Amino acid sequence: MHAWEAVQQSLNYIEEHLSENIRTEKLANVAALSPYYYQRLFKRLVKKPVNEYVKLRRLEKASDALKSKEKRIIDVALENGFTDHANFTRAFKEAYDMTPDEYRRCPVMLNHFIKPDLLLKYTTVDEDIPVITDGIVIEVTRRTVDEPRTFIGIEGEVPGTELLGGKSTGIATTGLIWDEFHNHKSSIQQLLPKGNELGILYMGKAREGCCTYMAGAEATIDIKAEEYASYTLPSGEYVVCGFEAESFEELIGTAIFKAYAFMENYLKKKGLTCGGFVAEMYYNSYPDTSYMELWLPLDNSQKILKTQKKWDNTNGAFKPSIETIKAYVGSILFDSLCTFVETQYQVKPVLEYSKCSLQYGWNIKYKKSGRSLCTLYPMEGYFIALIVIGERERVEAEMTLPLFTEYLQQLYHETKIGMGQKWLMIHVTDQKILEDVKQCIAIRRGRR
């Protein structure tokens, strides 16, 4: 079992026993870890201490119960794991900047710290293949918009802390913007009768630390409403993440944050870069379920680069230059690692053509004193770093392993030993994985 799977089991246990007294020792036992290591691993993966996380999850359940006035506030508190009225009120006020009584009298949309689905960090699927995870269905497709689409609505500023993907609490600014739009929607004559609603996040004129968010609906493209905000979805290619949930409340709460987390991981692993906005497209044509889509525009510079690539990495008859390989990869991470290895270890790159089953085609090798440090395989938008961990490096590598990313830890455990060595094929898609590679090279070289 991977470390994240162990923690996920404890997260599932917490969700099922929120009304009970949850002890850390019990959670560690569920995860089959020592209490000390479990708490360290939990904070690293969930970004909150165990007790703080449990409190925040109880607050979400309690806020749902407060919408109904059938139960007293004290009863809601006790049924959701709080010891008394004062403790509950203090925790609610700290999280949402309002008391339970104030919320009950005037319910607003709240940001909650959602239950993480750690699987989303380690799952990458091909396009047009649905993924079912923790109660929601996610599917990634490509779409091309041939003609621009205009949307009219209400815009406002959203603090950056609200954009952490279900990891912050408070009154949802985006919810207030949607409420205002729906109050005005019937008076906006330019809207199409059956047009989609759209929430769009972009910089606009927002202050530092904030972004602009517009809630609106599709309108006639050549007509603007001066008293309202408008945004034109440009023509071009988009990566679209469609997802559905059992209810609209779950769709705009838990599901959307999980979809954002999934897409962040998806784009990194696919080596894709997106443009300067994200659109949330809402549909009314799914009566049996709640459905929406995230639209992410592919970066224009990336598309231009893609059309300019002429080099065939598998063509052994044509030896490329270093510059050709760097242009093919198109990642500053690749340039950064090459510069690091060449300056840190005083070595020069050697181009080789490989017919090895691990990775076919041209690659760059770095050796020091006849010993391989790493081999870099160029891919479109990212690269693979091969680092061999032999018998003499294994002890140090496994002692250092808890400090690596979860991706590298999982890769290390899944890589089989052959002839006394682990051949780690590391897909370098972000800065954290790049730092893992640098540490592995240092272990390979020896830091004694």
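No value in this document is a laboratory result; all are computed from the given coordinates. On a predicted model such as this, the values are computed, not experimentally measured, just so you know. FYI the Cβ positions are ideal-geometry reconstructions off the backbone, even for glycines, and counts take in every protein chain you see.
Key figures for this structure:
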read-out: GNM result for the chain, Cα springs below 10 Å: residue of VAL145, VAL239, VAL46 fluctuating most strongly; value: VAL145
read-out: Alpha-carbon centroids, segment 164-218 and segment 350-388: separation in whole Å; value: 47 Å
read-out: PHE318, PHE181 arranged by Cβ crowding within 10 Å, fewest neighbours leading; value: PHE318, PHE181
read-out: From phi via Karplus (6.51, -1.76, 1.60), per-residue ³J(HN,Hα) for segment 374-379 in Hz, x at Gly/Pro; value: 6, 10, 10, 9, x, 10
read-out: Mean Cα-pair separation over length for the chain, i.e. relative contact order, pairs under 8 Å, 6 or more apart, %; value: 11 percent
read-out: Prolate/oblate/rounded label for segment 119-302 (Cα gyration tensor, a/c 1.5); value: rounded
read-out: Alpha carbon centroid spacing (whole Å) that separates segment 1-79 from segment 83-110; value: 19 Å
read-out: Kyte-Doolittle mean at least -1.0 and Cα axial length at least 18 Å: DSSP H helices in the chain; value: 3-16, 50-66, 256-270, 431-445
read-out: Relative contact order (%) - criterion: Cα under 8 Å, at least six apart; region: segment 1-98; value: 24 percent
read-out: Within-14-Å neighbourhood charge of GLU157 [Cβ basis; K, R +1; D, E -1]; value: -2
read-out: Ranking of CYS241, CYS274, CYS440, CYS106 by count of other Cβ atoms within 10 Å, fewest first; value: CYS106, CYS274, CYS241, CYS440
read-out: Net charge contributed by nearby residues that have their C-beta within less than 13 Å of THR83 (K/R +1, D/E -1); value: 0
read-out: Residue-averaged 222 nm ellipticity for the chain, from DSSP H runs of 4+ at -39500 (n - 2.57), nearest 500; value: -11500 deg cm²/dmol
read-out: Shape of segment 3-108, Cα gyration tensor, a/c cut at 1.5; value: prolate
